[in-house]
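The structure under discussion appears below in the form of structure tokens.
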Number of protein chains: 2
Amino acid sequence: MQKYSSKILENAINQIGKLPGIGHRTAVRLTLFLLKQPKEEVKIFTESIDMLRNNISFCHICHNISDGEECEICSNPSRDKSMICVVQDIRDVLAIENTNVYKGVYHVLNGVISPIEGIGVADLNIDSLLQRLEKESVAEIFMALPATTEGDTTAYYISKHIKTRFPRIKVTAIARGVSVGNELENTDEITLARSIVHRVEFESTFK
Amino acid sequence: MQKYSSKILENAINQIGKLPGIGHRTAVRLTLFLLKQPKEEVKIFTESIDMLRNNISFCHICHNISDGEECEICSNPSRDKSMICVVQDIRDVLAIENTNVYKGVYHVLNGVISPIEGIGVADLNIDSLLQRLEKESVAEIFMALPATTEGDTTAYYISKHIKTRFPRIKVTAIARGVSVGNELENTDEITLARSIVHRVEFESTFK
């Protein structure tokens, strides 16, 4: 069945419609938008995506997305190399960077231990983290893993290894608690329970 | 301020974030999705957009989007050439085609008369419509213009010209009325008023 007057148009709509969360209507809207843009703009748009897929590499230190051997965070002299934040994937790096609060460096595990999904210790960048700790002078490992059984298991596994092999390194974890601006009654029980157990000095909450 | 570990990544996120209705979070999500896709898939994706912008043309008969001189609708022998549907833009062609109900051909005006926006008769494909009527054997002109003052004005202008120069051609307009599945109380007054004035034979509503 011929749905479009142009196969080129149909093709572009179908390709854009393959993006996650982009339905058919949105795909049509985005396609017609691109069609109306100046040719140079569309060229810049598609080139940026081609560049992304073909020229991006991963930092050999922290496994974060990088333009070269070493990522912009690891090669930035103003970042505190004595603190390493351990995260599940690059999305978490982006989220933490957006807060503008963290000044240390990262280590991207590329997942968390998950027996159900068949992800074991060997599939993650855990060995390279321990190797980093041997070479670099690290004071604190800051675990920012997901608040799931898998995340907690992974954090526990890593912290146990660090405590055994590098007893001087402090291991911290991201605070779990009631979201800023959230009502207590809208917070789930487990989070609320943790927030009570891990309550902090009143004044520190305003820092 | 350095927000990303990679300028290539940052660039792609910014470019995708320029699309209408795509916020920053969605741009990040789509960018990371594209990064995880096989290289060939991403190549097909960007090529389809480059093709769209560089190789698409407009049908010289109906001004619809086309891969060549004549669009797939105008060149399709099974479409009824004696009926021309007049629409504002290509988006409307797509919407009507999606219904699978219309078997005639189209004429894309590329806008409607709008003194406020400075769009006059000369800016629209009205002359080429009248020229088509001289050459082709057309029985019906079906106005499917927006239900706005501008749309109505444009439809009135065109129908007046057709009635004067081609009195044998029947001019029809798309029905305005209560949306299928809509409650009467949720329908705006003007639409409801029109639906009462233009009420139809009861049995025809089930066709």
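Taken together, the values in this text are just the output of simple stated rules run on the coordinates, not laboratory data. Given the structure is predicted, the values throughout are model-derived calculations rather than measurements. FYI the Cβ positions are ideal-geometry reconstructions off the backbone, even for glycines, and counts take in every protein chain you see.
Annotation: for a label point projected 7 angstrom from Cα along Cα→Cβ of A:Ala139, no residues of the stretch B:1-33 have a backbone N closer than 11 Å.
Using the number of other C-beta atoms within 10 angstrom as an exposure proxy, rank B:Leu130, A:Leu32, B:Leu9 with the fewest first. Please report the intermediate quantities before stating the final value.
On the way: B:Leu130 13, A:Leu32 19, B:Leu9 27.
Ranked by crowding around the Cβ, least crowded first: B:Leu130, A:Leu32, B:Leu9.
Round to a whole angstrom and tell me the spacing of the C-alpha centers of the stretch B:24-57 and the stretch A:27-77. If we compute the Cα centre of each part, the gap is 10 Å.
Taking the Kirkwood radius as Rh and the Cα radius of gyration as Rg, the stretch A:136-207 has a ratio of Rg/Rh equal to 1.04.
Please sort by residue number the GluC sites (Glu not before Pro) in the stretch A:145-207 whose DSSP state is loop and whose Cβ has at most 11 other Cβ atoms within 10 Å.
Working: sites: A:Glu150, A:Glu183, A:Glu185, A:Glu189, A:Glu201, A:Glu203; in loops: A:Glu183, A:Glu201.
Sites meeting the loop and neighbour criteria: A:Glu183, A:Glu201.
Normalised by the number of residues in the stretch A:1-158, what is the relative contact order in percent for Cα pairs under 8 Å and 6+ residues apart? List each step's numbers first, then the result.
Working: 174 pairs, mean separation 25.9, N = 158.
Taking the mean separation of contacting Cα pairs over the length of the stretch A:1-158, I get 16 percent.
Tell me, what does the Kirkwood hydrodynamic radius of the protein assembly as shown come to in angstroms if you use every pair of distinct C-alpha atoms? The partial results should precede the final answer.
On the way: mean 1/r = 0.0377 Å⁻¹.
Kirkwood hydrodynamic radius for the protein assembly as shown: 26.5 Å.
Connecting C-alpha atoms closer than 10 Å in a GNM of chain A, tell me which of A:His63, A:His24, A:His161 has the biggest fluctuation. Maximum fluctuation in the GNM of chain A, among the listed residues, is at A:His24.
Label separation (B:Thr191 vs A:Ser128): 5.6 nm, computed from points 7 Å beyond Cα along the C-beta direction. Applying a threshold of 29 Å to the alpha-carbon distances of A:Lys135/B:Lys43; A:Lys39/B:Lys103; A:Lys39/B:Lys160; B:Lys18/B:Lys43 flags A:Lys135/B:Lys43; A:Lys39/B:Lys103; A:Lys39/B:Lys160 as lying beyond it. DSSP beta bridges confined to the protein assembly as shown are antiparallel in about 20 percent of cases.
Taking A:Glu41, A:Glu69, A:Glu97 in turn, the Gaussian network model of chain A (Cα-Cα springs below 10 Å) assigns the largest fluctuation to A:Glu41. Test of understanding: in a Gaussian network model of chain B with alpha carbons linked when under 10 Å, which of B:Ala144, B:Ala122, B:Ala12 would top the mean-square fluctuation ranking? Of the options given, B:Ala12 has the highest mean-square fluctuation.
Using the Cα centre of the stretch B:71-174 as the reference point, and only Cβ charges (+1 on K/R, -1 on D/E), how large is the resulting charge dipole? Debye, rounded to the nearest 20.
Working: 11 positive and 13 negative charges, 105 e Å.
Its charge dipole is roughly 500 debye.
The aspartates and glutamates whose alpha-carbon is closer than 19 Å to the alpha-carbon of B:Lys7, local same-chain residues fewer than 8 away aside, are A:Glu41, A:Glu47, A:Asp50, A:Asp67, A:Glu69, A:Glu70, A:Glu72, A:Asp89, A:Asp92, A:Glu97.
Obtain the radius of gyration and the Kirkwood radius of the stretch B:1-147 from its C-alpha atoms and give Rg over Rh.
Details: Rg = 20.6 Å, Rh = 18.5 Å.
On the Cα set of the stretch B:1-147, Rg over Rh gives 1.12.
The Cα atoms of the stretch A:73-174 give a gyration tensor whose axes a ≥ b ≥ c have a/c of 1.5 or more with a/b no greater than b/c, which makes the shape oblate. Just want the answer: with Cβ charges of +1 for Lys and Arg and -1 for Asp and Glu, which residue in A:Gln131, A:Ile119, A:Met143 is farthest toward the dipole's positive end in the stretch A:73-174? So the residue furthest toward the plus end is A:Gln131.
Using a Förster radius of 35 Å, what is the FRET efficiency between B:Ala175 and B:Gln37 based on their Cβ-Cβ separation? Nearest 0.05, please. Let's see the in-between values first.
Values: r = 44 Å, r/R0 = 1.27.
That pair, B:Ala175 with B:Gln37, gives E of 0.20.
Suppose R0 equals 45 Å. What FRET efficiency, 1/(1 + (r/R0)^6) with r the Cβ-Cβ distance, do A:His198 and A:His24 give to the nearest 0.05?
Values: r = 46 Å, r/R0 = 1.03.
Working from the Cβ atoms, E equals 0.45.
The separation of the stretch A:164-178 from the stretch B:142-207, counted between C-alpha centres, amounts to 69 Å. Over chain A, DSSP H runs of length four or greater, each weighted -39,500 (n - 2.57), average out per residue to a 222 nm ellipticity of -13000 deg cm²/dmol.
Shielding by partners for B:82-90, please: the mean number of other protein chain Cβ atoms within 10 Å of each residue's Cβ.
Working: counts 0, 0, 0, 0, 0, 0, 0, 1, 7.
Across B:82-90, the average partner-chain Cβ count within 10 Å equals 1.
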